[in-house]
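One structure coming up, written as structure tokens, with questions to follow.
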Amino acid sequence: MTWGTPLKQNALRILLLGSGELGKEMVIELQRHGIETIAADSSGGAPAHAVAHRHHIIDMFDPEALQHVIGQERPHFILTEVETVNVDVLAQAEAAGIRVVPNSRTVALTLNRESIRRLAVEELGIPAGPARTVSSYDAFQETITQMGLPCFVKPASSAHGQGLTLVTHSGETAAAWNCAAQASRRNHASQVIIEKAVDFDFEITLLAVNAVNGLHFCEPIGHQHRPGSYCQSWQPQSMSAAALGKAHDYAEKIVRALGGHGVFSVELFIKGDQVWFSEVSARPHDTGYVTQLSQNINQFALHVRAMLDLPVPEIKLIRPSACAVILAERPGQFITYSGMDEALAIPEARLRIFGKPNARLHRRLGLVMAGADTIETACKRACEAASKITLSITDDPPGPCREPGERENTQPSNAGP
Ligand SMILES: Nc1ncnc2c1ncn2[C@@H]1O[C@H](COP(=O)(O)OP(=O)(O)OP(=O)(O)O)[C@@H](O)[C@H]1O
Ligand SMILES: [Mg+2]
């Protein structure tokens, strides 16, 4: 493949659908390769908008709006970062010769929890916990009664943790249905999936990279969640050789069945030597940020290399590393960050503030990564550093930001009597 210079006639143009923090890293990595980037999102001020050559604010479910942007920008590639996209338009774009990464069928399959589960469990024989998709409240109640608690209730369309509830008591079922059904409707769908809670020791994301020079695996990434968002991830997650072998085998089966070049984030539950399928997305993963510190080549660079049919090098773990997220504790229009000096005084700490324009409850606003000789120390460092960042979230405009070295409430030193 050859390409020219961004903003010139011979540029290679990539349209990114979804412009969050992962998209921002993708845009930066694409620009390192001299590629023209266009970032679309449903809201303005999205993190990737700040770094792309151009951006659009559109409802990506709306076929006309999406077709219009594709027609106007004439991208050579389309990348998706979110599930809220019109997959029919992607299929048409692909038929017209635009490369959808990794392919439009995979985007369609992975944004629906039931269809990707069917592929993994029924076609590929990968173990998974019991699950059922329903469209009515009666069927939902009946399924919960049959399946028993605890169970997870989620919108059938994948939605970055939105609309997900762990139900442990029968009194929680109605609220869980409402929450999942509402999130489902936001994605122009109506179905809700009920999954029996899998009793696991730990869960991993296995990043598999399908590239022109073969299939490559990263070391497993362990992660921990609290409802709606992951709060910590680390790499490597130690696991038995038997479980790792199964994880590689299942991930390879999934990647081969889906096809196309790129990073595939395969989420799995592990107990001893047993491995269960959780979900898969065909792009870098939020728990995979840690690879910016832990690996010789991070997940964003791997995705770019793979999609451009460039060879992927041997992937090496260079340092046990961990990542802890910074979450908003209330909604608000203005966010002021402080404590960065204290956070970065922690050994090997690195900070990412996503630059989101406003806060929602539990919205991920940034993260801290840290390396160490051991995973335990890396996790401790990352959590400690994240706890040093304090957020002031308001609806009223705050004062201007302080200059470096300037202190709060400092009296002018030359103030006369
Ligand atoms: N069936 C299950 N058994 C046990 N834990 C589960 C199950 N389903 C979900 N979880 C827990 O909830 C987390 C989020 O679930 P899931 O990955 O399906 O949601 P998501 O909307 O895709 O969120 P994300 O974008 O953060 O991955 C999982 O990583 C796991 O910790
Ligand atoms: Mg997940």
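Just so you know, all these numbers are worked out from the coordinates, no wet-lab data involved. Quick caveat: nothing in here was measured; it's all calculated off a predicted structure. Reconstructed Cβ throughout: ideal geometry from the backbone, glycine too, with neighbour counts over all protein chains shown.
Only helices at least 24 Å long along their own axis, judged from Cα atoms, and with Kyte-Doolittle mean hydropathy of 0.0 or greater: name those in the chain from DSSP H.
Counting only whole DSSP H runs, the qualifying helices are 241-258.
Would you grab the residues whose amide H sits under 5 Å from the one on LEU16? Only those 5+ places off in sequence or on another chain, please, with H modelled 1.01 Å from N.
ILE38, ALA39, ALA40, LEU79
Sticking with the crude label model, points 7 Å out along Cα→Cβ, report the distance from THR168 to ASP273 in nm, one decimal please.
Distance between label points: 3.2 nm.
For region 51-131, rounded, prolate or oblate, judged on the Cα gyration tensor with a ≥ b ≥ c (square roots of eigenvalues), a/c < 1.5 rounded, else prolate if a/b > b/c?
prolate
Arranged from highest to lowest average of other beta-carbon atoms within 10 Å per residue, in what order do the peptides 13-25, 181-193 appear?
Per-residue Cβ counts within 10 Å, averaged per peptide and sorted highest first, yield 13-25, 181-193.
Could you please rank MET1, MET340, placing first whichever residue has the fewest other Cβ atoms within 10 Å of its Cβ?
MET1, MET340
For region 191-232, list log₁₀ I(q)/I(0) at each q in 0.20, 0.22, 0.25, 0.32 Å⁻¹, using the Debye formula over Cα point scatterers of equal strength and ignoring solvent, two decimals each.
-0.84, -0.89, -0.96, -1.12
Next up: If you project the alpha carbons of region 202-307 onto their three principal axes, what span does each projection cover, largest first, in Å?
Principal-axis extents of region 202-307 (Cα, largest first): 34, 26, 25 Å.
If you don't mind, there's one more thing I want to ask. May I ask you to derive the relative contact order of region 130-196, considering only C-alpha pairs under 8 Å and at least 6 residues apart, and to give it as an integer percent?
45
Moving to a separate point now. Using alpha carbon centroids, what distance separates region 234-308 and region 42-70, in Å?
If we compute the Cα centre of each part, the gap is 28 Å.
Can I ask one more? Kirkwood Rh and Cα-based Rg: tell me the resulting Rg over Rh for region 13-100, rounded to two decimals.
Reported Rg/Rh, Kirkwood definition of Rh: 0.93.
Still on this structure, I have one more. If you split all Cα-Cα distances of region 130-196 into 5 Å bins from zero, what percentages do you get per bin, shortest first?
Taking every Cα pair in region 130-196, the percentages come to 4, 22, 35, 26, 11, 2.
Report the calculated FRET efficiency for HIS225 and THR2 (r = Cβ-Cβ distance, R0 = 56 Å), to the nearest 0.05.
Calculated value: 0.80.
Among 200-209, 391-400, how do they line up by average Cβ neighbours within 10 Å per residue, starting with the highest?
My ranking of the peptides, most packed first, is 200-209, 391-400.
Something else now. Restricting to bridges with both residues inside the chain, how much of the DSSP beta-bridge set is antiparallel, in percent to the nearest 5?
For the chain, the DSSP antiparallel bridge percentage is about 80.
Another question about this same structure. Can you sort THR5, THR80 by how many other beta carbons sit within 10 Å, fewest first?
Least to most surrounded, the residues fall as THR5, THR80.
Full extension from SER115 to TYR337: what is 0.36 nm times the residue separation minus their Cα-Cα distance, to one decimal in nm?
Result for the pair: 75.8 nm of gain on full extension.
Determine the principal axes of the Cα atoms in region 90-144, then give the extent along each, sorted from largest to smallest and rounded to whole angstroms.
46, 27, 12
While we're on this one: How many percent of all Cα-Cα pairs in region 321-394 sit more than 15 Å apart?
So the pairs more than 15 Å apart make up 48 percent of the total in region 321-394.
Could you give me D for region 261-417, from Stokes-Einstein at 4 °C and 1.567 mPa s, where the hydrodynamic radius is the Kirkwood radius over C-alpha pairs? Units µm² s⁻¹, please.
71
Run the quick spin-label model on VAL212 and GLU314: label points 7 Å from Cα toward the beta carbon, then report their separation in nm to one decimal.
Each label point is offset 7 Å from its Cα along the Cβ direction, giving 2.1 nm.
If amide hydrogens are placed 1.01 Å from N in the peptide plane, which non-local residues have theirs closer than 5 Å to the one on GLN295?
Residues meeting the amide H criterion: ILE318.
Can you check what the net charge comes to around ILE58, using other residues whose Cβ is under 10 Å from the Cβ of ILE58 (Lys, Arg +1; Asp, Glu -1)?
So the surrounding residues net to -4.
Remind me, what semi-axes does the chain give for its equivalent ellipsoid, largest first in whole Å, using sqrt of 5 times each Cα gyration tensor eigenvalue?
For the chain, the ellipsoid semi-axes come out as 33, 28, 24 Å.
At a 10 Å Cβ-Cβ cut-off, how would you order HIS248, HIS285, fewest neighbours first?
Going from sparsest to densest Cβ surroundings: HIS248, HIS285.
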